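The next block holds one structure in the form of structure tokens; read it before the comments.
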Amino acid sequence: QVQLVESGGGLVQPGGSLRLSCAASGSIFSIYAMNWYRQAPGKQRELVAAISSGGSTKYAGSVKGRFTISRDNAKNTVYLQMNRLKPEDTAVYYCKVVARTIATMTTGDYWGQGTQVTVSS
């Protein structure tokens with residue numbers, strides 16, 4: 001199994017910054033894509049940013065130029081640096097990794113528990 005622990009959420013004023021972290025642990029053989037999603041109240045969960053095992057990245061149009069996704073493969077950790085935050089960025093942020101486990105050698109999606117980000121003055 002794979003466990004994900006997220007951290008870094010909180011309350012920030014518009015224009016401020018936050019850095020989210022998501023650390024994976026457990027019976028991991030390999031981690032492939034690492035992604036950040038978010039879900040605002042009353043809205044569907046949406047992909048915010050993704051990074052491949054090779055380091056290729058993609059972003060939702062609404063965050064491009066403000067958010068940066070990165071990963072540390074040695075630590076099995078993915079980060080989301082969020083700058084110039086806006087009230088509309090308020091949501092619960094979830095990380096998702098695609099990983100292969102040692103026990104079964106099968107690949108699956110694993111989700112974190114979510115961390116609240118609130119942008120408000």
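The values are calculated or read from the model by the stated rules, or taken from the named source; none is laboratory data. On a predicted model such as this, the values are computed, not experimentally measured, just so you know. Note that we place each Cβ from the backbone using ideal geometry, even for glycine, and neighbour counts take in every protein chain shown. Side chains are part of the model used for accessible areas, which takes the heavy atoms of the whole protein and leaves out ligands, DNA and RNA. Shrake-Rupley method; radii C 1.70, N 1.55, O 1.52, S 1.80 Å.
Return the residues of the stretch 102-121 that are closer than 18 Å to Cys22 by Cβ, open to solvent by less than 30 Å² (accessible area, probe 1.4 Å) and touching a strand residue (DSSP E or B) at 6+ places or on another chain (Cβ under 6 Å); say none if nothing qualifies.
Scanning the stretch 102-121 gives Gly112, Gly114, Thr115, Val117.
Determine if the stretch 105-118 includes at least one residue that is at pLDDT below 95 and among the hydrophobic types (A, V, I, L, M, F, W, C).
Yes, the stretch 105-118 has at least one match.
Name every residue in the stretch 69-101 that is without any contact (Cβ under 8 Å) to a residue 24 or more places away in the chain and exposed (fewer than 14 other Cβ atoms within 10 Å of the Cβ), in order of residue number.
Start the filter on the stretch 69-101 by keeping residues that are without any contact (Cβ under 8 Å) to a residue 24 or more places away in the chain, which leaves 70, 72, 74.
Correct list: Asp72, Ala74.
What are the residues in the stretch 22-53 that are closer than 22 Å to Leu85 by Cβ and open to solvent by less than 30 Å² (accessible area, probe 1.4 Å), if any? Don't jump to the end; show me each part of the working.
The first filter runs over the stretch 22-53 and keeps only residues closer than 22 Å to Leu85 by Cβ, leaving 22, 34-51.
Scanning the stretch 22-53 gives Cys22, Met34, Asn35, Trp36, Arg38, Ala40, Val48, Ala49, Ala50, Ile51.
With respect to the numbered conditions (1) closer than 19 Å to Gln1 by Cβ; (2) modelled with pLDDT of 95 or more, which one is the sole condition not fulfilled by Arg71?
(1)
Taking the condition under 24 Å from Gly61 (Cα atoms) and touching a residue at least 24 places away in the same chain (Cβ under 8 Å), does Gly9 pass?
Numbers: under 24 Å from Gly61 (Cα atoms): yes; touching a residue at least 24 places away in the same chain (Cβ under 8 Å): yes.
For Gly9, the condition - under 24 Å from Gly61 (Cα atoms) and touching a residue at least 24 places away in the same chain (Cβ under 8 Å) - is met.
Tell me, yes or no, whether the stretch 53-68 has at least one residue that is in contact (Cβ under 8 Å) with a residue 40 or more places away in the chain and either touching a Gly at 6+ places or on another chain (Cβ under 6 Å) or in a loop (DSSP other than H, G, I, E, B) (or both). Full working, then the answer.
To start, the set of residues in the stretch 53-68 that are in contact (Cβ under 8 Å) with a residue 40 or more places away in the chain comprises none.
No, the conditions are met nowhere in the stretch 53-68.
Would it be correct to say that Glu6 is open to solvent by 60 Å² or more (accessible area, probe 1.4 Å) and outside any loop (DSSP other than H, G, I, E, B)? Give the steps one after another, and end with the answer.
Values: open to solvent by 60 Å² or more (accessible area, probe 1.4 Å): no; outside any loop (DSSP other than H, G, I, E, B): yes.
The answer is no for Glu6.
Just checking, does the stretch 55-65 include any residue being aromatic (Phe, Trp, Tyr), within 19 Å of Ser17 (Cβ to Cβ) and within 10 Å of the chain's Cα centre (by Cα)?
Going through the stretch 55-65, the residues aromatic (Phe, Trp, Tyr) turn out to be 59.
Now restrict to residues that are within 19 Å of Ser17 (Cβ to Cβ): 59.
Within this subset, residues satisfying the condition of being within 10 Å of the chain's Cα centre (by Cα) are none.
No, the stretch 55-65 has no match at all.
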